[in-house]
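For reference, the structure discussed in these notes is given below.
The values are calculated or read from the model by the stated rules, or taken from the named source; none is laboratory data. Fair warning: this is a prediction, and the values are worked out from it, not measured in the lab. Cβ sites come from the backbone with ideal geometry, for glycine too, and all protein chains shown count toward neighbours. Ligands, DNA and RNA are stripped out before the accessible areas are found, and what is left, the full protein with its side chains, is counted by its heavy atoms. Shrake-Rupley method; radii C 1.70, N 1.55, O 1.52, S 1.80 Å.
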Amino acid sequence: SQKIEQNSEALNIQEGKTATLTCNYTNYSPAYLQWYRQDPGRGPVFLLLIRENEKEKRKERLKVTFDTTLKQSLFHITASQPADSATYLCALEAGGYNKLIFGAGTRLAVHP
Amino acid sequence: DTAVSQTPKYLVTQMGNDKSIKCEQNLGHDTMYWYKQDSKKFLKIMFSYNNKELIINETVPNRFSPKSPDKAHLNLHINSLELGDSAVYFCASSQGPRSPLHFGNGTRLTVT
C-alpha cells in the first residue's frame, strides 16, 4: 500500500544549528514533492516544490533534496531560529489533478 | 486581504444535524479543494473542483456534498453529522496542476 512517513518524534535543536527533516515514501512515483509549514491553529503554508528531475532546491535558509531512487526527500533549515518552530509537512503528487497526499508532519522546536 | 477564507472558524453541533462550511478565494485560482485533518494531524483530501467541475472525489461518505457556485467559492455541506466527523476542515486553492496549494485557516468542527 502507498505510504508517506515523516519523523514522528518532535525534533528539538539549538538555535543556529541546521535542522534536517526526513520524508520517506513507498509505492509512489511522484512527479513532484512539496513541503509546507503549519503553525498551531493555522492552515499549512507552502514552502518549496521540487520536481522528480531536480536533485536539490533552495530558498533562502531552506534546502530540499529529492532522491527518487531512495524514495526520500530531506528538508533542511540552516541557521535555525526559534521562529522556525512549527510542524513541517511533506506532500506527494499522487496522480490525478494536483492530488496531494500529505505526511503526518514533523514538529520542530528550535530552542534559544 | 485574506487569500483563502473559511467560515465559520469554529462549529459545535449535535449528532444528526446538518451544517455547512463556506470557502472563498480571491487569488483567481481555477482549482479548489477540501481537506480533512483528523486528531492525528493527517491531512486527507476529500474533494477538488476545477472551474466548478468536480475532478477529485475521494472515498468520502455521501453525507458530504461539495458545491461550487463559481470558481471562487467552494462550500461543503454535511448531512446527519456523526461523532467521527469531528475534525478540522481546510479549504485550499491552486492555480492548476503541479502548483502549490494555498490553504485557509480551517474550520474546527466538533460534533457532540
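Quick notes on this structure:
- Residue in the stretch B:42-52 that is open to solvent by 10 Å² or more (accessible area, probe 1.4 Å) and more than 24 Å from A:Tyr36 (Cα to Cα) present: yes
- Residues located in the stretch B:59-75, provided they are open to solvent by less than 60 Å² (accessible area, probe 1.4 Å) and either among the aliphatic types (A, V, I, L, M) or under 13 Å from the mean Cα position of the chain (by Cα) (or both): B:Val60, B:Phe64, B:Ser65, B:Pro66, B:Ser68, B:Ala72, B:His73, B:Leu74, B:Asn75
- Strands (runs of 3 or more DSSP E) wholly inside the stretch A:53-112 that include at least 2 residues being more than 16 Å from A:Lys3 (Cα to Cα): A:56-59, A:62-67, A:72-77, A:86-93, A:106-111
- The set of residues in the stretch B:1-26 that are among the hydrophobic types (A, V, I, L, M, F, W, C), assigned to a loop (DSSP other than H, G, I, E, B) and surrounded by 13 or more Cβ atoms within 10 Å (Cβ to Cβ) contains only B:Ala3.
- Taking the conditions (1) without any contact (Cβ under 8 Å) to a residue 60 or more places away in the chain; (2) of a type outside the set (A, V, I, L, M); (3) buried (at least 17 other Cβ atoms within 10 Å of the Cβ); (4) within 28 Å of B:Ile55 (Cβ to Cβ) in turn, A:Tyr32 satisfies each one other than (1).
- Every residue from the stretch B:89-112 that is surrounded by fewer than 21 Cβ atoms within 10 Å (Cβ to Cβ), in contact with an Asp or Glu (Cβ under 9 Å, 6 or more places away or on another chain) and within 14 Å of chain A (Cβ to nearest Cβ): B:Gln95, B:Gly96, B:Pro97, B:Arg98
- Condition check for A:Glu5: charged (D, E, K, R), within 12 Å of A:Cys90 (Cα to Cα), in contact with a strand residue (DSSP E or B) (Cβ under 6 Å, 6 or more places away or on another chain) and touching a residue at least 60 places away in the same chain (Cβ under 8 Å): yes
- Taking each residue of the stretch A:71-89 that is more than 14 Å from every other protein chain (Cβ to nearest Cβ) and looking for partners that are buried (at least 16 other Cβ atoms within 10 Å of the Cβ) and assigned to a helix (DSSP H, G or I) with beta-carbon atoms closer than 8 Å, six or more apart or interchain, yields A:Ile77/A:Asp84.
- Among the candidates A:Glu15, A:Glu56, A:Glu9, the residue that is within 20 Å of A:Leu70 (Cα to Cα) and open to solvent by 20 Å² or more (accessible area, probe 1.4 Å) is uniquely A:Glu56.
- Flag: A:Ala19 does not match the condition of being out of contact with any Pro (no Cβ under 7 Å at 6 or more places or on another chain), of a type outside the set (D, E, K, R) and at the interface with another protein chain (Cβ under 10 Å from one of its Cβ atoms).
- A Cβ distance below 9 Å, combined with a sequence gap of six or more or placement on separate chains, defines the contacts here; from the stretch A:90-105, residues that are facing chain B (nearest Cβ under 7 Å) reach residues that are outside any loop (DSSP other than H, G, I, E, B) and among the basic types (Lys, Arg) in the pairs A:Phe102/B:Lys44.
- Residue ID - modelled with the lowest pLDDT, chosen from residues in the stretch A:37-58 that are more than 8 Å from chain B (Cβ to nearest Cβ) and under 30 Å from B:Thr107 (Cβ atoms): A:Pro40
- Looking across the stretch A:87-112, the residues that are at positive phi and surrounded by 21 or more Cβ atoms within 10 Å (Cβ to Cβ) come down to A:Asn98, A:Gly105.
This table checks each residue for (1) under 22 Å from B:Thr110 (Cα atoms); (2) within 11 Å of chain A (Cβ to nearest Cβ); (3) in contact (Cβ under 8 Å) with a residue 24 or more places away in the chain.
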site	(1), (2), (3)
B:Leu27	no, no, yes
B:Thr31	no, yes, yes
B:Tyr35	yes, yes, yes
B:Asp38	yes, yes, yes
B:Leu43	yes, yes, yes
B:Tyr49	no, yes, yes
B:Glu53	no, yes, no
B:Asn57	no, yes, no
B:Pro61	yes, no, no
